[in-house]
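The values are calculated or read from the model by the stated rules, or taken from the named source; none is laboratory data. This structure is a prediction, so every number in the text was calculated from the model and none was measured. Glycine also receives a Cβ, built like all others from the backbone with ideal geometry; neighbour counts cover every protein chain displayed. Only protein heavy atoms, including side chains, enter the accessible area calculation; ligands, DNA and RNA are left aside. Shrake-Rupley method; radii C 1.70, N 1.55, O 1.52, S 1.80 Å.
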Amino acid sequence: VGAGTELGEIDNARVRGTVNTQTEKIYLSLFHQDKLNSKPSDGFALTYNSRYSDGKGPEDAGKFPNPDENLSAFYNNTRFSILGMQTNGSVNSDTIPVAMWNLGDRDYVLRINLTQNVDPQREIFLLNRTTGQTTKVDNQGTFDYAFRPVSGVRTKDDLAIVFNTTRIAPRPRNRKELV
């Protein structure tokens, strides 16, 4: 495998032709808050490319569980370590649930890394599916979300990542709404 070539890209080129398109890569990592400068406990990657399928394909990798903390994308009732999604102009938004289990009674940080070819027009949010609260994430950097699971609860499935294909312009207001 040559320098800068990803595992799987050679197979994709063989099967689908040598279309030169960049792959957007979004990494989510789970850290113990007191060990942010060490390796993560677990993580997964979400990738976008025009050659990928939104169904299961060779660009996807299922999740193999760890004995300790686990983090995965949850899509079509399947947990993924790598989830490849198609870049498609007809799809305006994707909501990818984040699954976490085997958590301990401690402080964690979910780190979202968006430094690998993420389209600058893409709008990204962290969604709390229980409360409906959204937090905008800078699409060209990293974002840390600190949390502590409820005591005795070892799973956390209320978060999702929302990816909008383009920025959503705010709806214009009329004078009556401003009063």
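For segment 25-47, a tally of residues being in contact (Cβ under 8 Å) with a residue 60 or more places away in the chain and among the aromatic types (Phe, Trp, Tyr) returns 2. Just to be sure before I move on: is THR78 at pLDDT below 95, of a type outside the set (Phe, Trp, Tyr) and over 17 Å from the mean Cα position of the chain (by Cα) in the structure I sent? Considered against the rule, which asks whether it is at pLDDT below 95, of a type outside the set (Phe, Trp, Tyr) and over 17 Å from the mean Cα position of the chain (by Cα), THR78 comes out as no.
For the residues SER53, SER38, the requirement of being modelled with pLDDT under 90, open to solvent by 30 Å² or more (accessible area, probe 1.4 Å) and part of a loop (DSSP other than H, G, I, E, B) singles out SER53.
Which count do you get for residues in segment 87-106 that are in contact with a Lys or Arg (Cβ under 9 Å, 6 or more places away or on another chain) and open to solvent by less than 60 Å² (accessible area, probe 1.4 Å)? The qualifying residues number 8.
When segment 56-77 is filtered for residues that are crowded, with 18+ Cβ neighbours inside 10 Å and assigned to a loop (DSSP other than H, G, I, E, B), the ones remaining, listed by number, are GLU59, ASP60, LYS63, GLU69. Considering segment 151-168, the residues that are exposed (fewer than 12 other Cβ atoms within 10 Å of the Cβ) and touching a strand residue (DSSP E or B) at 6+ places or on another chain (Cβ under 9 Å) include one that is modelled with the highest pLDDT, namely ARG167.
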